[in-house]
1. Can you give me the number of residues within segment 76-92 that are in contact (Cβ under 8 Å) with a residue 60 or more places away in the chain and either assigned to a helix (DSSP H, G or I) or touching an Asp or Glu at 6+ places or on another chain (Cβ under 8 Å) (or both)?
2. If you go through segment 62-72, how many residues are within 12 Å of Leu9 (Cα to Cα) and either of a type in the set (S, T, N, Q) or open to solvent by 70 Å² or more (accessible area, probe 1.4 Å) (or both)?
3. Given the options Lys152, Lys126, name the one that is of a type in the set (D, E, K, R) and at pLDDT below 90.
4. If you go through segment 58-68 one residue at a time, do you hit one that is assigned to a strand (DSSP E or B), out of contact with any Leu (no Cβ under 6 Å at 6 or more places or on another chain) and at pLDDT 95 or above?
5. How many of the residues making up segment 104-120 are in a helix (DSSP H, G or I), closer than 15 Å to Val56 by Cβ and either without any contact (Cβ under 8 Å) to a residue 40 or more places away in the chain or open to solvent by less than 40 Å² (accessible area, probe 1.4 Å) (or both)?
6. Specify which of the listed residues (Ala34, Ala54) is part of a loop (DSSP other than H, G, I, E, B), touching a helix residue (DSSP H, G or I) at 6+ places or on another chain (Cβ under 8 Å) and modelled with pLDDT under 95.
7. Being among the polar types (S, T, N, Q) and either within 13 Å of Leu109 (Cα to Cα) or modelled with pLDDT under 90 (or both) is the filter here; which residues of segment 75-93 pass it?
8. All but one of (1) of a type in the set (A, V, I, L, M); (2) free of Cβ contacts under 8 Å to residues at least 12 places away in the same chain; (3) buried (at least 18 other Cβ atoms within 10 Å of the Cβ) hold for Ala123; state the number of the condition that does not hold.
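The values are calculated or read from the model by the stated rules, or taken from the named source; none is laboratory data. Only a predicted model underlies this, so the values are computations on that prediction, with no experimental measurement involved. FYI the Cβ positions are ideal-geometry reconstructions off the backbone, even for glycines, and counts take in every protein chain you see. These area figures cover heavy atoms from the full protein model, side chains too; ligands, DNA and RNA do not enter into them. Shrake-Rupley method; radii C 1.70, N 1.55, O 1.52, S 1.80 Å.
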Amino acid sequence: MREYKLAVLSSGGIRKSALTVQFMQCMLEIWDTAGTERFTAMRDLYMKDGQGFALVYSITAQSTFKDLQDLREQILPVKDTDDLPMILVGNNCDLEDQRVVGKKQGQNLARQWNNCAFLESSAKSKINFNEIFYDLVQQINRKTPVPGKARKKLSCQLL
């Protein structure tokens with residue numbers, strides 16, 4: 001069966017684990033980084049082995065948005081391309097009254113990043129959390145199609 005390796009990356013403490021946990025009922029293997037410097041060796045391995053990447057920030061914390069540029073700049077040399085399956089995710093969109101990162105900021109950054117996909121999500125309100133993973137798997141399929149018959153089981157790893 002075809003295996004998909006996805007990575008969910010962000011700073012710590014923005015509830016991205018809630019996104020990945022809710023998707024675990026599917027046949028995806030998800031790697032979720034701790035978001036701290038203590039686990040850089042694991043994160044480096046995820047970057048090396050990941051086939052698709054979800055870079056996640058909280059719409060309520062500007063620092064998490066700023067951290068993503070460094071994360072992306074760590075991924076690109078490892079993958080040796082800037083054309084890889086990636087989605088930029090503004091998490092916690094249910095907290096609109098606490099928003100500090102505008103939707104336009106996210107859209108503009110996604111455009112700068114080789115027109116990567118962009119979504120705002122909320123695990124709590126179940127907004128777009130499935131779409132994140134569906135989009136990544138579709139991107140992987142477009143970039144590395146399976147010869148012959150399509151496979152049914154999906155196994156993904158997220159950072």
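1. 2
2. Looking only at that region, the number is 3.
3. None of the other options fit; the residue is Lys152.
4. yes
5. Adding up the residues that qualify gives 3.
6. Being part of a loop (DSSP other than H, G, I, E, B), touching a helix residue (DSSP H, G or I) at 6+ places or on another chain (Cβ under 8 Å) and modelled with pLDDT under 95 holds for just one of Ala34, Ala54, which is Ala34.
7. Hit for segment 75-93 is Thr81, nothing else.
8. Against the list (1) of a type in the set (A, V, I, L, M); (2) free of Cβ contacts under 8 Å to residues at least 12 places away in the same chain; (3) buried (at least 18 other Cβ atoms within 10 Å of the Cβ), Ala123 comes up short only on (2).
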